[in-house]
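The values are calculated or read from the model by the stated rules, or taken from the named source; none is laboratory data. Not measured: the values here are computed from a predicted model. Reconstructed Cβ throughout: ideal geometry from the backbone, glycine too, with neighbour counts over all protein chains shown.
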Amino acid sequence: MTETASFVVVANRLPVDRVTNEGGQTDWRTSPGGLVTALEPVMRQRGGAWVGWHGAPDEIIDGFEHDGYSIVPVPLSSEEYEEYYEGFSNATLWPLYHDTVAFPEFHREWWDSYRAVNRRFAVAAAEAAAEGATVWVQDYQLQLVPQMLRELRPDLKIGFFLHIPFPPVEIFSQLPWRREILEGLLGADLVGFQVPGGASNFLRLVRTRTNRKIERDTVRVDGNHTCVARAYPISIDTQGFADLAESPEVIAEAEALREELGNPKQILLGVDRLDYTKGLRQRIRAIGELFQEGKLDPSETVFLQVATPSRERVEEYKRLRDDIDLLVGRINSEVGGVGRPAIVYRHAGYPRSTMAAMYRIADVMVVTPLRDGMNLVAKEYVACHPSTNGALVLSEFAGAALELKQAYLVNPYDLNGMKAALMQAATDPVRTRQRRMRALKKQVETYTIDRWAEDFLGDLDALS
Ligand code: GDG
C-alpha cells in the first residue's frame with residue numbers, strides 16, 4: 001500500500017464479505033452491520049483504512065479500495081484461527097469477561113498465538129496510518145494492539161472500544177496474562193466501555209495491579225502518556241431499522257410469517273446468537289413452564305426462538321446446541337399447539353429484512369442474557385416494532401438495561417421472577433405497554449450509533 005490514511009479502524013474482521021458476481025468473478029460487498037454503517041461516512045470524509053481479517057484462513061490477499069476507503073487484509077493461518085480466535089478470544093477471554101458463566105480455559109500456546117496475531121495487526125495498522133493519524137481499535141480480540149502500536153508509532157492518537165463487559169478485578173485477575181492485557185489497553189489514549197461499570201472496573205484494576213497515578217477517569221501511564229477510561233454505550237442505526245421495518249416488502253414478509261405461525265393471538269420472540277451468555281436455557285425453561293402450567297395457552301400463543309449459528313467448533317457451543325435441542329423437544333412433546341409446536345425453534349441465520357419482519361410481529365420481545373455488553377437486539381426491536389403496543393422483557397445484566405429503563409426488567413437467574421415479568425408483559429393493559437414503548441422509542445431515537453461514534457471520536461480528538 002502506498003497511500004496512508006488519517007483515520008484507521010482496526011477490527012478482527014474486515015467490513016466486507018467476498019461474493020461471486022454474475023460473471024463468476026470475485027467481488028467484495030459491504031457486510032451488513034451497525035459498526036460499518038456508522039464508521040463508513042467518517043472513513044470517506046477523513047480518508048480512511050480498515051485493517052482486519054478477510055475471513056478465509058491460509059490465504060494472503062492484497063489490499064484494495066472499497067467504497068471510498070482502503071481495505072487492509074491481515075492474514076491468519078488455520079492454526080492461528082484455532083488458537084488466537086476460537087481459543088484465546090472465544091474460549092478464554094469471552095467466558096472470563098462474561099462473569100465466567102462458562103469456565104474459561106487457559107492455554108499457553110493460545111496466548112502465544114494471541115500475542116503474535118495482535119502484533120501482526122499492530123504492524124499493519126502502523127503501516128496504514130499517516131503521520132498523526134487517529135486509529136480506532138475494536139474489541140477483545142485485539143487488546144494488545146494499542147500498546148504495540150504506540151511503541152511502533154508514538155505520533156498516533158489511539159482509541160480502543162470494548163464491545164463486551166469488562167469484568168470485576170477478582171475475575172480478571174484469574175488471567176495468567178493479566179498484566180500484559182492491562183498494559184496493552186493502557187497504550188490507548190482513550191479506552192471506551194459499554195457502561196460506566198466497565199470503566200470503573202478497569203480503573204480499579206489499574207489501581208490494584210499497578211502503582212500508577214489516577215485522577216478521576218485518567219491514568220498517568222508514563223511521563224508523557226495518559227489513558228482515559230469512559231463509557232460510550234453503543235447503539236443502532238435507528239432510522240435505518242425503522243425504515244426497513246416500514247418497507248412494503250418487510251410488511252408483506254411479516255404477514256406471511258404470522259400466517260406461517262398459524263395466526264396466533266400472541267407472539268413471543270427471542271433472537272440471539274446461539275451463545276451461553278444469552279440465557280437461552282433459562283428463558284426456554286421459564287416459558288416452557290408457563291405453557292405447562294397453562295398460564296400461556298399454546299393454542300393462542302407461540303414462542304418463536306431464533307438462534308443464529310455461532311462459533312460452532314468450540315466445545316461449549318456444541319454442548320449448548322444439544323441442550324437447547326433437547327429442552328425444546330421435551331417441552332413441545334408435552335404441550336402442543338394446534339397443528340404447530342408451542343415453541344418454534346429455528347437454528348439458522350436470516351437476512352436483516354427477515355429480522356425486521358420478526359420484530360414487527362412480536363408482541364413480547366424476550367431478551368434475557370446472563371451477561372451482555374450492550375445487546376443490540378433489544379434496541380432493534382424497539383426501533384422496528386410498528387405500533388407502540390409491543391413489550392420488551394430485558395435482563396438487568398445487559399448493558400442496554402441502563403438505558404432502556406422502561407422495559408420489563410428481569411433477573412434471568414430467577415425463574416419465578418422471570419415468569420412473573422413475562423406474564424406481566426403479556427397481559428398489561430394496552431395503555432401501560434404503550435407508555436413504556438413510547439419511552440423506549442424515544443431513547444433509541446435520541447441515542448443512535450452515529451452519536452456513539454461522534455461522542456467517542458470527539459473525545460479522542462479533544463485529548464491533547
Ligand atoms: C457483541 C456484544 C454488543 C443476529 N442474528 C442475525 C443477525 N443478528 C444481529 C442482530 C444484532 C447482532 O447480530 C447481535 O448483536 P448483540 O448486541 O445482540 O450481540 P453480540 O453478537 O453478542 O454482540 C453485545 C455488541 O457486540 C455490539 O457492541 O451489544 O453485547 O456481545 O445486530 O440483529 N443479523 C442477521 N441475521 C441473523 O440471523 N442479519
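A single entry from 28, 111, 50 fulfils the requirement of being touching a residue at least 40 places away in the same chain (Cβ under 8 Å), of a type in the set (A, V, I, L, M, F, W, C) and within 30 Å of residue 173 (Cα to Cα): 111. Taking segment 349-464 and the helices (runs of 4 or more DSSP H) fully enclosed by it, the elements with 1 or more residues that are farther than 27 Å from residue 165 by Cα are at 352-361, 415-427, 430-446.
Which count do you get for residues in segment 270-287 that are of a type in the set (Gly, Ala, Ser) and either more than 13 Å from the ligand (Cβ to nearest atom) or more than 16 Å from the chain's Cα centre (by Cα) (or both)?
So the answer is 1.
Mind listing whichever residues of segment 1-25 are touching a residue at least 40 places away in the same chain (Cβ under 8 Å) and more than 16 Å from the ligand (Cβ to nearest atom)? Listed by number, the residues that qualify are 1, 3, 4, 5, 6, 7, 8, 14. Taken over segment 26-45, the criterion of being hydrophobic (A, V, I, L, M, F, W, C) and more than 16 Å from the ligand (Cβ to nearest atom) is satisfied by 28, 42, 43. Taking the conditions exactly as written (in the same structural domain as residue 328 (by TED's automatic domain parsing), modelled with pLDDT under 95 and either of a type outside the set (Asp, Glu) or within 20 Å of residue 97 (Cα to Cα) (or both)), does residue 258 satisfy them or not? The answer is no for residue 258.
Please tell me if residue 420 is free of Cβ contacts under 8 Å to residues at least 12 places away in the same chain, more than 18 Å from residue 237 (Cα to Cα) and within 13 Å of the ligand (Cβ to nearest atom).
no
Here 228, 250, 191 are screened, and the one residue that is without any contact (Cβ under 8 Å) to a residue 60 or more places away in the chain and either among the acidic types (Asp, Glu) or outside any loop (DSSP other than H, G, I, E, B) (or both) is 191.
Checked against (1) touching a helix residue (DSSP H, G or I) at 6+ places or on another chain (Cβ under 7 Å); (2) within 16 Å of the ligand (Cβ to nearest atom); (3) not in a helix (DSSP H, G or I), residue 298 passes all but condition (2).
Of the listed requirements (1) assigned by TED's automatic domain parsing to the domain that holds residue 151; (2) buried (at least 17 other Cβ atoms within 10 Å of the Cβ); (3) in a helix (DSSP H, G or I), residue 204 misses just one: (2).
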